[in-house]
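Let me begin by presenting the structure, written as structure tokens, before commenting on it.
The values are calculated or read from the model by the stated rules, or taken from the named source; none is laboratory data. Everything numeric here is computed off the predicted structure, so don't read it as measured data. FYI the Cβ positions are ideal-geometry reconstructions off the backbone, even for glycines, and counts take in every protein chain you see. Note: accessible area is taken over every heavy atom of the protein model, side chains too, but ligands, DNA and RNA are not part of it. Shrake-Rupley method; radii C 1.70, N 1.55, O 1.52, S 1.80 Å.
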Amino acid sequence: DQLLAAMAELNRPCLLVIDNANEVEDLKENYLRLHRCKNFHLLLTTRITTFEQAETYRIEGLPPAQALELFQKYYPKHTPSEDALFEQIRTATGGNTLVIELLSKNLALLNKLKTRYTLTDLLSDLQNKGVLALSQSRAVSTGYQSKEVLREESPEALIAAMYELGDLSREEVAALSVLSVLPPEEIPFDRLEVLCPQSPNLDETLLSLSQKGWIEYNETATTFKISPVVQQITRKKNENLYEDCEGMIRVLLEKLEYEGGIKHLVNSTYEEAAIWVRYAGAVVEGFEAPYRSTSVLCERMGAYFTATGDLIQALAWFEKYEEICTRLCERDPDNADFKNLLAISYSKLGSTYTALGQLDRALAFYEQFTSLIQELYEAYPNHVSFKNGLAISYAKLGETHTALGQLDRALAFYEQYHRLEKELHEAYPNHVSFKNGLAISYQFLGITHTALGQHDRALVFYEQYHRLEKELHETHPDNVNFKKLLAISYQFLGNTHTALGQLDRALAFFEDETQLFEQLYEAYPNHVSFKNGLAISYEKLGSTHTALGQLDRALAFYEERARLGKELYEAYPNHVSFKNGLAISYIKLGDVARRQGDKTAAIDYFRQAEGLYLELVRDAPGYADFQNNLTWVRKTLKELE
């Protein structure tokens with residue numbers, strides 16, 4: 001009051017500047033009192049973005065050129081060749097002017113006589129650890145929040161002091177925590193509302209955070225955005241970060257839930273899931289400590305990328321899954337649940353390396369899977385999930401030894417798999433998963449006896465497989481996994497009747513298979529497994545019509561098979577199964593051309609198949625079939641030429 005009275009006596013015009021007027025309630029209490037000084041213009045610098053009828057002028061971070069100029073001012077050793085690196089650093093800090101100043105001063109101190117800390121090192125720290133965890137830093141001087149003398153502290157300490165969570169309500173801290181582990185980009189309010197079902201007043205909370213300058217609000221797009229610097233400060237200072245984000249993690253897990261066996265999303269479309277996966281990836285990286293829920297998020301993301309054919313991304317998230325599970329086990333070595341999750345991570349890595357054609361690496365992970373799950377089963381023999389997991393591990397080992405051409409070893413593992421699944425089904429006859437496991441065990445036994453040339457024995461197993469899958473599909477007609485497996489059972493029956501010379505019966509089974517896959521692909525056009533299944537069914541129809549001497553009909557099916565196969569290969573070039581499928585389609589088309597007397601076309605198709613098999617043998621040498629197919633193609637080309 002004394003200051004206001006004294007200022008009222010000054011001659012106009014006067015300008016009163018109040019710096020860092022960041023508390024909304026304080027401003028509300030004094031706003032009208034300040035306006036009593038009619039001889040003053042008022043200018044307040046503040047993080048508050050809106051306040052009644054006050055006019056505002058938003059000050060953005062420095063534009064790129066000026067930001068670079070500031071950086072060079074304090075770090076004159078910067079060279080033009082590093083401009084691209086600086087731009088990435090500016091992006092990683094959200095263009096915060098003070099942060100850029102502090103980082104440049106830190107570089108100057110560290111690199112006075114020789115380069116100890118490069119821009120590449122700094123960028124790596126910012127991207128992997130954040131602005132509050134630099135691997136090298138020195139005390140720098142700044143006038144920020146200084147009283148009578150310049151302040152000297154590490155960049156991390158100065159940056160952390162920019163925001164205090166104690167100024168916020170509990171609801172505001174919780175909402176800020178959610179944003180702190182999501183990507184630092186504009187996120188629509190309706191999406192945040194889905195992610196935060198536990199926050200009924202989320203709209204008011206976010207608008208309050210925006211008014212206080214913690215986050216940005218785009219009124220036109222109805223989006224909110226947090227800066228990378230505020231993200232890091234929130235993560236570091238909030239001791240309840242995980243608890244505040246737990247509800248959002250549950251939502252992401254639900255959105256990325258898959259139906260067993262086919263990796264089909266239950267609660268999202270694939271277009272929606274692409275967004276949830278991106279958010280989930282940021283969330284996982286947002287926590288330094290390992291949590292069970294973030295490990296499962298990694299598994300769900302790996303499943304998403306597996307289903308969409310991006311095996312490199314799938315591998316990365318399954319590796320992250322294994323890393324988190326390993327840390328959980330190290331923290332609590334007697335926790336059976338953590339051990340089981342680690343075992344599953346080995347299985348996922350094995351499956352991905354199998355799809356990438358790296359059978360030796362796949363086998364190593366499957367053996368780790370078996371060893372760990374066997375340890376769990378022996379410790380908890382009455383735990384049916386561990387028993388089922390052990391059964392699945394035997395199946396994985398059988399598949400890998402089959403691909404390596406080691407049929408005797410494969411058969412031994414498949415018999416172990418079948419024994420355990422039969423015991424589980426007999427003990428729990430109403431458990432559909434165990435019934436399905438038994439069905440699949442019959443399938444694998446049939447595959448192995450087929451490879452051994454024992455078609456009569458194989459047929460018995462395939463008929464058992466088909467019977468169980470038909471029962472499951474009829475009991476659960478909306479379960480797309482059972483529908484897919486029923487379609488596959490028709491394929492194996494068709495294959496076996498073909499081998500036994502019963503082409504009419506084989507054709508009927510292949511037609512049933514195709515009908516089911518057409519329904520699945522039509523309903524789920526983005527599901528690569530269904531697309532691949534349909535492609536293979538066309539191939540089977542083509543082969544059967546070829547054997548029946550109906551080359552025109554065979555050609556039409558082979559062309560469809562090649563079209564789908566080419567689309568799959570071009571979309572997912574790292575998937576050896578899709579590359580092999582395309583090669584087979586060229587062999588089939590070449591065979592029809594040869595039978596029709598078109599030698600030139602036949603040679604062209606076989607050449608394309610040869611090129612693909614050369615790549616497969618080079619990149620996936622463990623697959624015995626690829627080398628055998630290459631040898632056959634070359635022999636055929638030699639005969640034609």
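Summary table
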item	result
Criterion (loosely packed, with under 15 Cβ neighbours inside 10 Å, farther than 20 Å from I312 by Cα and among the aliphatic types (A, V, I, L, M)) met by exactly one of A571, A609, A601, A624	A624
Residue ID - most open to solvent (accessible area, probe 1.4 Å), chosen from residues in the range 612-621 that are among the aliphatic types (A, V, I, L, M) and farther than 19 Å from R361 by Cα	L614
Residue list for the range 221-239, filter: exposed (fewer than 15 other Cβ atoms within 10 Å of the Cβ) and at pLDDT 95 or above	A221, T222
G501 being over 19 Å from S577 (Cα atoms) and not in a helix (DSSP H, G or I)	yes
Index of the failed condition, V277 passing every other in (1) outside any strand (DSSP E or B); (2) of a type outside the set (S, T, Y); (3) farther than 20 Å from A316 by Cβ	(3)
Breaking point among (1) within 25 Å of L252 (Cβ to Cβ); (2) touching a residue at least 40 places away in the same chain (Cβ under 8 Å); (3) β-branched (V, I, T), for V99	(1)
Candidates V173, V181, V131 - the one that is closer than 19 Å to S227 by Cβ, among the hydrophobic types (A, V, I, L, M, F, W, C) and touching a Gly at 6+ places or on another chain (Cβ under 8 Å)	V181
One residue from A458, A535, A439, A487 being in contact with a Lys or Arg (Cβ under 7 Å, 6 or more places away or on another chain), buried (at least 23 other Cβ atoms within 10 Å of the Cβ) and either farther than 27 Å from A410 by Cα or among the hydrophobic types (A, V, I, L, M, F, W, C) (or both)	A535
Tally, over the range 1-25, of residues that are open to solvent by less than 80 Å² (accessible area, probe 1.4 Å), of a type outside the set (S, T, N, Q) and under 46 Å from the mean Cα position of the chain (by Cα)	2
Index of the failed condition, I312 passing every other in (1) more than 25 Å from A133 (Cα to Cα); (2) without any contact (Cβ under 8 Å) to a residue 40 or more places away in the chain; (3) among the aliphatic types (A, V, I, L, M)	(2)
Identity of the residue in the range 87-109, touching a helix residue (DSSP H, G or I) at 6+ places or on another chain (Cβ under 9 Å) and farther than 21 Å from I226 by Cα, that ends up surrounded by the most Cβ atoms within 10 Å (Cβ to Cβ)	L107
Some residue of the range 68-75 being assigned to a loop (DSSP other than H, G, I, E, B) and without any contact (Cβ under 8 Å) to a residue 12 or more places away in the chain	no
Some residue of the range 183-193 being in contact (Cβ under 8 Å) with a residue 24 or more places away in the chain, aromatic (F, W, Y) and assigned to a helix (DSSP H, G or I)	yes
Hits in the range 161-182 (condition: modelled with pLDDT of 90 or more, assigned to a helix (DSSP H, G or I) and either surrounded by fewer than 16 Cβ atoms within 10 Å (Cβ to Cβ) or among the small types (G, A, S) (or both))	R170, A174, A175, S177, S180
Top-ranked residue of the range 546-559 - restricted to ones that are surrounded by fewer than 23 Cβ atoms within 10 Å (Cβ to Cβ) and in contact (Cβ under 8 Å) with a residue 24 or more places away in the chain, ranked as nearest to G597 (Cα to Cα)	L551
Hits in the range 144-160 (condition: among the aliphatic types (A, V, I, L, M) and assigned to a loop (DSSP other than H, G, I, E, B))	V149, L150
Residue that is most open to solvent (accessible area, probe 1.4 Å) [pool: residues in the range 194-220 that are assigned to a loop (DSSP other than H, G, I, E, B) and under 24 Å from G130 (Cα atoms)]	K212
Residue in the range 396-415 that is under 22 Å from T326 (Cβ atoms), crowded, with 20+ Cβ neighbours inside 10 Å and in contact (Cβ under 8 Å) with a residue 40 or more places away in the chain present	yes
Criterion: of a type in the set (G, A, S) and either in a loop (DSSP other than H, G, I, E, B) or in contact with a helix residue (DSSP H, G or I) (Cβ under 7 Å, 6 or more places away or on another chain) (or both) - qualifying residue of S141, S137	S137
Candidates L424, L445 - the one that is out of contact with any strand residue (DSSP E or B) (no Cβ under 8 Å at 6 or more places or on another chain), open to solvent by less than 30 Å² (accessible area, probe 1.4 Å) and either among the charged types (D, E, K, R) or closer than 21 Å to Q374 by Cα (or both)	L424
Qualifying residue in the range 145-153 (condition: open to solvent by less than 60 Å² (accessible area, probe 1.4 Å) and within 21 Å of S227 (Cα to Cα))	no
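Per-residue answers, yes or no, for (1) out of contact with any Ser or Thr (no Cβ under 7 Å at 6 or more places or on another chain); (2) of a type in the set (V, I, T); (3) under 30 Å from A523 (Cα atoms):
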site: N267; (1), (2), (3): yes, no, yes
site: E271; (1), (2), (3): yes, no, yes
site: V277; (1), (2), (3): yes, yes, yes
site: R300; (1), (2), (3): yes, no, yes
site: R331; (1), (2), (3): yes, no, no
site: F338; (1), (2), (3): yes, no, no
